[in-house]
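The values are calculated or read from the model by the stated rules, or taken from the named source; none is laboratory data. Please read these numbers as outputs of a predicted model, since none were measured by experiment. Every residue, glycine as well, gets a Cβ built from its backbone with ideal geometry; the counts of neighbours run over all protein chains shown. With ligands, DNA and RNA removed, areas are computed over all heavy atoms of the protein, side chains included. Shrake-Rupley method; radii C 1.70, N 1.55, O 1.52, S 1.80 Å.
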Amino acid sequence: MKYFYFLFFLPILVFGAKAPDFTITDYKNKVHNLYADYLDKDKVVVIKFFFVDCPPCNTLAPYVQTAYNRWGGGTGRVEFFELSTQNWDNNIDVKGYALKHGLTYPGAGQDGGAFAACAPYKNGTFGPFYGTPSFAVIDPTGEVNYGVRFTTSNQVEFDTAVARALRVTRNTGGGGGTGCAKVFSVNTITTKKPTQIIVQDITNSGPEYVLANGSYN
């Protein structure tokens, strides 16, 4: 007689988990407090989890810098941080990494408090940690969008996450705001088809988006 055993895996959902506060000192010796310096001032924070010798992190670094510039280079409502997940990376190592890739956003290593700041994002509080590089987008209320996809060829999901977080303010609360009203599709009626369709919010100096399958949301 054969016996069959069935295992059922149920997803673990985390509700209401807010970003824990942290204080880090970057490789330029500047102190940053997540809430007091950023979220409480209605800013959006992007965290890139990396480590200095991580090959895909090195490959992605110039593209992250481009995204940083695209979202104001720290002069607007968006700030980026690069935090090492490894306790052997010190600020001097992170500084060398930043200089190597021409990075201008703040970064920190173990001696700057990065390893401790990364811990809640590696222990399953916000979902599985799939290694480096990984990204989290935190809106002004502390709501975390974790595991945001960012690749060398596609940053649409990442830009969408940042844009969604910017729609949230300390006054309106979390949840990404109301549904987006600007949803449309593009249909090319000429016989000569374009190789690419791009949409941009010129009024608000928004980033360009390449329309996948001619649709936008």
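For the listed residue pairs Lys30/Lys122; Lys28/Lys122; Lys18/Lys48, the alpha carbons are over 22 angstrom apart in Lys30/Lys122; Lys28/Lys122.
Ranking Val46, Val210 by solvent-accessible area of protein heavy atoms (1.4 Å probe, all protein chains present), from largest to smallest, gives Val210, Val46. Element breakdown for region 94-133 at a 1.4 angstrom probe: carbon and sulfur atoms account for 58% of the accessible area. Each Lys and Arg adds +1 at its Cβ and each Asp and Glu adds -1 at its Cβ; summed about the Cα centre, region 10-85 shows a dipole of about 180 debye. Measuring with a 1.4 angstrom probe and ignoring ligands and nucleic acids, Asp53 comes out at about 110 Å² accessible.
Heavy-atom accessible area with a 1.4 Å probe sorts Lys193, Lys95, largest first, into Lys193, Lys95.
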